[in-house]
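The values are calculated or read from the model by the stated rules, or taken from the named source; none is laboratory data. This structure is a prediction, so every number in the text was calculated from the model and none was measured. A quick note on method: Cβ atoms are made from the backbone with ideal geometry, for glycine too, and the neighbour counts reach across all protein chains shown. Remember, those area values only see protein heavy atoms, side chains included, never the ligands or the DNA or RNA. Shrake-Rupley method; radii C 1.70, N 1.55, O 1.52, S 1.80 Å.
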Amino acid sequence: MGRKERREREIKRENYATKHSAEKRKQTLIAVGVLGVIAVIVGYAGFLFMNMTVEAPGGPENAGALGSDHTHAAILVKIFGDEFDFAAPAYQIKSPWIHFESRDGSTIHKHATGVELEYLFDSLNIGIDEQCFIFPDGKQFCTNDEYSLKYFINGEKVQDIRSYEIMEDDRILITFGGETDEQVQEYLKQVGNQEIIK
């Protein structure tokens, strides 16, 4: 094989190697560029999510932005001595503003300022006022000559809880029936000992 042929082969090899490395470099730059764009998009979306102050549709009228608060309170509802269970799937996370979660039916989680208890019960399709507690199926428990609906916040009896905004570690008791004062004290003790899941 002559010197000329050898030189031509070397030039071909060098050209091939140069083309191949240039192509590889080009593909690497395109991949880095695409990954960079994806990283910027994901980062920007994460930034927007973390700093979200948008009011979600259907939120309470005077509520602050979602995430403006994270408050927990214990609740106990006794109807003729039977405990109402908010742990059932029908009562779990019905609103991002205020809800029950994690299959727990005794801790209220509030995620924005200005959210009142009435909004919680409305989101669960439970009607409440100073006289009646009305279940989603229409069963009503209203104060009459024999039985009464009572509300307690932190051991204090109140007329109505609809406009109340929970504070951290509040204890809320709702009773309906003909309970004696001793039974009410037992219920207050029970709600006072309930674990608040945070």
### Task
Kindly state, to the nearest 0.05, the FRET efficiency for Ile126 paired with Gln159, given R0 = 22 Å and r defined as their beta-carbon distance.
0.75
### Task
Taking amide H positions as placed in the peptide plane 1.01 Å from N, state which residues far from Gly114 in sequence (5 or more) or on other chains have amide H under 5 Å from it.
Gly64
### Summary
Diffing segment 84-92: the Karplus 3J(HN,Hα) column from phi (6.51, -1.76, 1.60, θ = phi - 60°), in whole Hz with x for Gly and Pro, holds 7, 9, 7, 6, 4, x, 5, 10, 8
### Message
Could you give the length gained by full extension between Glu83 and Val42, i.e. 0.36 nm per residue of separation minus their alpha carbon distance, to one decimal place?
### Response
10.2 nm
### Label-to-label distance, nm, for residues given as Glu8 and Leu29 (7 Å Cα→Cβ offset)
3.3 nm
### Task
For Val40, Val115, Val34, give the ranking by accessible area with the largest first, probe 1.4 Å.
Val40, Val34, Val115
### Task
With 5 Å bins from zero, work out the P(r) of segment 64-196 over every alpha carbon pair and list the percent per bin.
2, 11, 21, 26, 22, 13, 5, 1, 0
### Message
From the protein chains alone at 1.4 Å, what is the descending order of accessible area for Arg103, Arg162, largest first?
### Response
Arg103, Arg162
### Task
Check the straight Cα-Cα distances from Lys24 and name the lysines below 20 Å, setting aside those fewer than 8 residues away within the same chain.
Lys12
### Message
Spelling out what I want: for every residue of segment 95-102, take phi, set θ = phi - 60°, compute 6.51 cos²θ - 1.76 cosθ + 1.60 (Karplus), and round to whole Hz; glycine and proline get x.
### Response
8, x, 7, 7, 6, 9, 8, 6
### Task
Take the Cβ-Cβ distance between Glu146 and His72 as r, set R0 to 22 Å, and report the resulting FRET efficiency rounded to the nearest 0.05.
0.05
